[in-house]
Amino acid sequence: MRKLNVAIIGQGRSGYSIHGAHFKTDTDRFCVKYIVDAIEERRQKAQKEFGCETFESYKALFDKKDEIDFVVNASFSWDHYPVTLDLLKHGFNVVTEKPLAATPEEADELIKVAKENGCMIAPFQQSRLAPYFKKVQEVIASGKLGRIVAINIAFSGFARRWDWQTIQDNVAGSLYNTGPHPVDQALTLLGGTEVPEIFCKMDRATTFGDAEDYVKLIMTLPGRPLVDLEISSSNAYPWGTYNIQGTQGGMWGTLSEMKWKYFVPSEAPEQHLIRTPLTGKDGNPAYCGEKLPWVEESWVAGEGESAFVSAVYDFYTTVQEHLLLGKPLYIHAEEVRRQIAVIRKCHELNPLDKFC
């Protein structure tokens, strides 16, 4: 397959340290032709490191359209929607950083314009492709845990933050910053396509801004497991990332290790409902007790393997295969629109005063 030409808008932490860093190593498949940033020092750095042409405004890309296979929109969060919309209207394929948009209505407009212009819109939700999350999905799909009853996901730790991503007016806060990744995973495991019933509590804890940095989000749909998601900057003792409960076992894990145990029903002691009080062999009152034949398995990330780097590589493989081979995108904007609807509902349920 031929090499794809890329333009990157923004050389902040995402545009430089994630997308730019990836393209520096994936030179057999991608070539960075243009970089856009408002800061001159960053443009000079890009010229030196990529040997590419740079611009102060993304609108300069309009004259280079025939030389660009897709644009990475790694601008400020509040610019994700308007800049992506403008690019789509001018016929560009776009990889857009999270959040895709601030509202479901904005997401609808992006999807509509992309279809009208025959353009790709690929939300950068690479954590769905991370090895640890693939393992979670694999174990659940195996049926070993039985029917899944509850799923707990926690992206938590203790940290103080004081940058622009702590200000509500910047489309920021934990749900718009960190949230797109765990919410995407939670909705993927929940299943279905509709917006679920939700409970949400948000708070400001260690942040210096006016946006939330604590989120408790509970989601449910008829016939689906209960999903409990926490995003916290005030958890000094995080218990792990995943805890999954099933009718035949459970699973616990972090981003680097997983363990799960289950029993095979046909190999378990045969039991039946007893309506009268239980009595032990000694004739004394007894409590239900049995020894289940547990099967225990585990997974550990490969030594030196970066789940983040792996997920980014796999994400761009899906983009490459979509543009050159016509394969469907792995992550669709329509799915992410559901995520944005959930995030928006959380904010409607938890209006926080603004002071920034």
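The values are calculated or read from the model by the stated rules, or taken from the named source; none is laboratory data. Since we're looking at a predicted model, the values are computed, not measured. Cβ coordinates were reconstructed from backbone atoms using ideal geometry, including for glycine residues, and neighbour counts include every protein chain displayed. Side chains are part of the model used for accessible areas, which takes the heavy atoms of the whole protein and leaves out ligands, DNA and RNA. Shrake-Rupley method; radii C 1.70, N 1.55, O 1.52, S 1.80 Å.
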*Go through Gly249, Gly283 for me and flag whichever is at positive phi and either touching a residue at least 40 places away in the same chain (Cβ under 8 Å) or surrounded by 12 or more Cβ atoms within 10 Å (Cβ to Cβ) (or both).*
Gly249
_Residues being in contact with a strand residue (DSSP E or B) (Cβ under 9 Å, 6 or more places away or on another chain) and either open to solvent by 50 Å² or more (accessible area, probe 1.4 Å) or assigned to a loop (DSSP other than H, G, I, E, B) (or both) - total across the range 293-322_ = 7
*Confirm whether Val94 is out of contact with any Gly (no Cβ under 9 Å at 6 or more places or on another chain) and within 30 Å of Val342 (Cβ to Cβ).*
yes
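Residue-wise test of (1) closer than 27 Å to Ile331 by Cβ; (2) touching a Ser or Thr at 6+ places or on another chain (Cβ under 6 Å).
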site	(1), (2)
Gln47	no, yes
Pro82	yes, no
His90	yes, no
Thr96	yes, yes
*If we keep just the residues of the range 1-32 that are part of a loop (DSSP other than H, G, I, E, B) and polar (S, T, N, Q), which is surrounded by the fewest Cβ atoms within 10 Å (Cβ to Cβ)?*
Thr27
_Test: Leu190 is closer than 23 Å to Lys135 by Cβ and open to solvent by less than 40 Å² (accessible area, probe 1.4 Å)_ = yes
*Which one of the conditions (1) open to solvent by 30 Å² or more (accessible area, probe 1.4 Å); (2) in a helix (DSSP H, G or I); (3) of a type in the set (Lys, Arg) does Arg338 fail to meet, given that it meets all the rest?*
(1)
